[in-house]
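Here the structure comes first, spelled out in structure tokens, and everything after it is commentary.
The values are calculated or read from the model by the stated rules, or taken from the named source; none is laboratory data. In this text the structure is predicted, and so the values were computed from the model without any measurement. Neighbour counts run over all protein chains shown; Cβ positions are idealised from the backbone, glycine included. Remember, those area values only see protein heavy atoms, side chains included, never the ligands or the DNA or RNA. Shrake-Rupley method; radii C 1.70, N 1.55, O 1.52, S 1.80 Å.
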Amino acid sequence: MWATSVVVIVVVTSIAGVALLSDDEDNSQPRVAVPPPVSQEPSEPLPDGGPYTGSDVDVIGRGMRVPADPNGHVLEQTVRTSSPRLTQPISAPQGLEWQKVYGVPMPFSTSDGPTTISAEGVPSGFSRTPQGAALATLQILMRITYGPREVRQAVLDSSVIGSAELKNIVLNAPSEAQYQTVPAAVQILEDRYTEDSASVRWMFGPFPAPEEFPTTNGTVYHGGAIPAIWENGRWKVKLTEAVVSSELRDFEEYLDDPRWATTWF
């Protein structure tokens, strides 16, 4: 069932805290309450012809810019790429900027990509570094989850490894962007990264803790890991039948405080 699967591969870009199971599915999983939307006065529009039309915030209040191009605004790569060596915690890429694309936050940088976005909405040019892998996984997953159908198709064809059947499931399961947030933290473990592969662990929150997962301060972080492969000169997300068919509990995590990770906002 895609409601218990694509949200899994999207692991938690996943709707950042919205109840992930529908009424007719397994109710044994903790449900994370959605925080109330943050109200903000609309930003002043920027001059016509510029790369941005204004700014916005997610439901937690983290800021992002609104690009004029619906597929996102590529930043000029002005500095060297990050080191290919994995460090703990992972430092943020240079010039990190969150943009609201298809209604959700996506990361852009001036050091590790993306360097181009095609007319079909396919990002490319992410560096062969831990930072490049992290940027690529979130960009790809956001686009195949929240993008228009033609964008989802193009990104699935170019940037996702998996069977035609699994890709078709993703293509036909778009998600609502209303509650997606800027991630709180990111991590790649030392034994989960090589120059050819990575498992990127993203966490979202803080959100009100569900009754099934009480915490000392009443909040919780929600997330999971996304596999990526370097193939044909680019990072691609790996979509497997095990991920799609497994239950959420095999992939989701609830943490009191992701102290193990880097904050990228």
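Numerical summary
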{"quantity": "Whichever residue in segment 213-235 is touching a residue at least 24 places away in the same chain (Cβ under 8 Å) and small (Gly, Ala, Ser) and, among such residues, is nearest to Asp256 (Cα to Cα)", "calculated": "Gly223"}
{"quantity": "Pro210 being closer than 26 Å to Ser158 by Cβ and in a loop (DSSP other than H, G, I, E, B)", "calculated": "no"}
{"quantity": "Residues within segment 105-117 that are of a type in the set (A, V, I, L, M, F, W, C) and over 10 Å from Gln139 (Cα atoms), tallied", "calculated": "1"}
{"quantity": "Residue check for Glu76: open to solvent by 60 Å² or more (accessible area, probe 1.4 Å) and closer than 21 Å to Gly63 by Cα", "calculated": "yes"}
{"quantity": "Selected residue (criterion: farthest from Leu135 (Cα to Cα)) from residues of segment 197-219 that are surrounded by 16 or more Cβ atoms within 10 Å (Cβ to Cβ) and hydroxyl-bearing (Ser, Thr, Tyr)", "calculated": "Thr215"}
{"quantity": "Given (1) open to solvent by 30 Å² or more (accessible area, probe 1.4 Å); (2) within 27 Å of Val59 (Cβ to Cβ); (3) at pLDDT below 80, number of the condition Leu248 does not satisfy", "calculated": "(1)"}
{"quantity": "Yes/no for Ala228 being open to solvent by less than 20 Å² (accessible area, probe 1.4 Å), in a loop (DSSP other than H, G, I, E, B) and among the small types (Gly, Ala, Ser)", "calculated": "no"}
{"quantity": "Single unsatisfied condition, Gln88 versus (1) under 18 Å from the mean Cα position of the chain (by Cα); (2) farther than 20 Å from Ile140 by Cα", "calculated": "(1)"}
